[in-house]
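Working notes, structure below.
The values are calculated or read from the model by the stated rules, or taken from the named source; none is laboratory data. The shown structure was predicted, so the numbers you read here are calculated from the model rather than taken from an experiment. Please note: Cβ atoms are built from the backbone with ideal geometry, for glycine as well, and neighbour counts cover all protein chains shown.
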């Protein structure tokens, strides 16, 4: 077994070129659970949490986008000013685990693991984020919708490293809600991210924990675009309920040891309807 | 610059201000395991080994983390502080003393992690509200106390530091 701790992106990519199937270790909050339990016995580990190029975020006011390095932690995403630029991501980050987990866990790790319950992923999906990958051979970028393939499956190829994600700064309310058994330290049983784009006059809704990967609700989104008033920030109670029903209908949950499919579908309806009312608080 | 270690190769950790060699370990061992089983530092407790309980909390480069989720060999050039590094035996820190005074210790298993988390909390927020205390300590599970006296202990430290002009 070998463990490499590169301090630069070029060193990380060179190490990954030598061992394309190495375990890329970010915050360790998912991977080390598997190592500790003996479910994963890596022969090569590349720990990337000291790669400085991955540890920062930048705001580009010209394109109104934020680029988040894959090594930025949830704790950092909760801090001003990135929290004001991407409020739903800050809100989702605050629901991840505990302070201990948020100091270690990263958005890049969330993408790499690609669990349907990953708290950052509904936000990246609702914002139509772009994922950046690099290898010794070059770089490529793809939509998060193409990046997430299935349960813990992504488009990342052997030898590739997730370097970051680009998210738009939208005008309009956005938020994240999830259901679990506690207020802290909980894996989402069902989660929703709603983002309003006042300029584009649309509402985006993404669901977590109710499908093999994050789901976008195109029917509910199309309904919302006609049902709400972007000028007066209003929606009727009946239309908010209908929005929740369409979201629940778009969910594809399963029964497992955490919750039943029926409970999850119901929760999605409640959460989606509630988020729409928060975004459009007037009747 | 890149640090590399291979199987059975000795590596060094910086723990509580000392350089500690780690020998004959499997490189997949967690920092918690290495602290306890290789370095004999038994203060950090192991329970869930999946980041749920917080009883293994330590500081790595000044950040509060679960040592069970840190790959020890990846922490080679980082500063690690465990409960043993908080205060010398026999002269407890203000947080440790407040836990004793407030009756915040029962079986004591969660206490080292909670002491680490409380020190980190008060570094960040000198005068926390009860809500902030509950949120900041939410990663540390205690099955005895019901948390009331733990919160009281944190508040006592905040008040005494404020009164003595430390914050």
Check: Looking at B:90, B:43, which one is closer than 30 Å to residue B:156 by Cβ and touching a residue at least 60 places away in the same chain (Cβ under 8 Å)?
Finding: B:43
Item checked: Options A:238, A:249, A:225, A:190; residue that is surrounded by 23 or more Cβ atoms within 10 Å (Cβ to Cβ) and either closer than 30 Å to residue B:54 by Cα or in the same structural domain as residue A:260 (by TED's automatic domain parsing) (or both) -> A:190
Next item on the list: Would you check if residue B:59 is touching a helix residue (DSSP H, G or I) at 6+ places or on another chain (Cβ under 8 Å) and either surrounded by fewer than 17 Cβ atoms within 10 Å (Cβ to Cβ) or within 13 Å of chain A (Cβ to nearest Cβ) (or both)?
Entry: yes
Note to self: Tell me the residue from A:220, A:188, A:259 that is within 17 Å of residue A:275 (Cα to Cα) and in a loop (DSSP other than H, G, I, E, B), please.
What the structure shows: A:188
Notebook entry, point to check: Given the conditions (1) free of Cβ contacts under 8 Å to residues at least 60 places away in the same chain; (2) surrounded by 18 or more Cβ atoms within 10 Å (Cβ to Cβ); (3) farther than 25 Å from residue A:187 by Cα, and given that residue A:73 satisfies all but one, which numbered condition is not satisfied?
Noted result: (3)
Notebook entry, point to check: Which one of these is surrounded by 22 or more Cβ atoms within 10 Å (Cβ to Cβ) and not assigned by TED's automatic domain parsing to the domain that holds residue B:81: B:154, B:105?
Noted result: B:154
Next item on the list: Please give the strands (runs of 3 or more DSSP E) falling wholly within segment A:1-105 in which 2 or more residues are within 21 Å of residue B:26 (Cβ to Cβ) and facing chain B (nearest Cβ under 10 Å).
Entry: A:2-6, A:23-25, A:44-47
Check: Considering only segment A:156-185, how many residues are at negative phi and not in a strand (DSSP E or B)?
Finding: 13
Next item on the list: Quick one: count up the residues across segment B:1-56 that are away from chain A (no Cβ under 13 Å), modelled with pLDDT of 95 or more and part of a loop (DSSP other than H, G, I, E, B).
Entry: 8
Margin query: So, residue B:150, is that one within 14 Å of chain A (Cβ to nearest Cβ) and either farther than 26 Å from residue A:181 by Cβ or touching a helix residue (DSSP H, G or I) at 6+ places or on another chain (Cβ under 7 Å) (or both) or not?
Written below: no
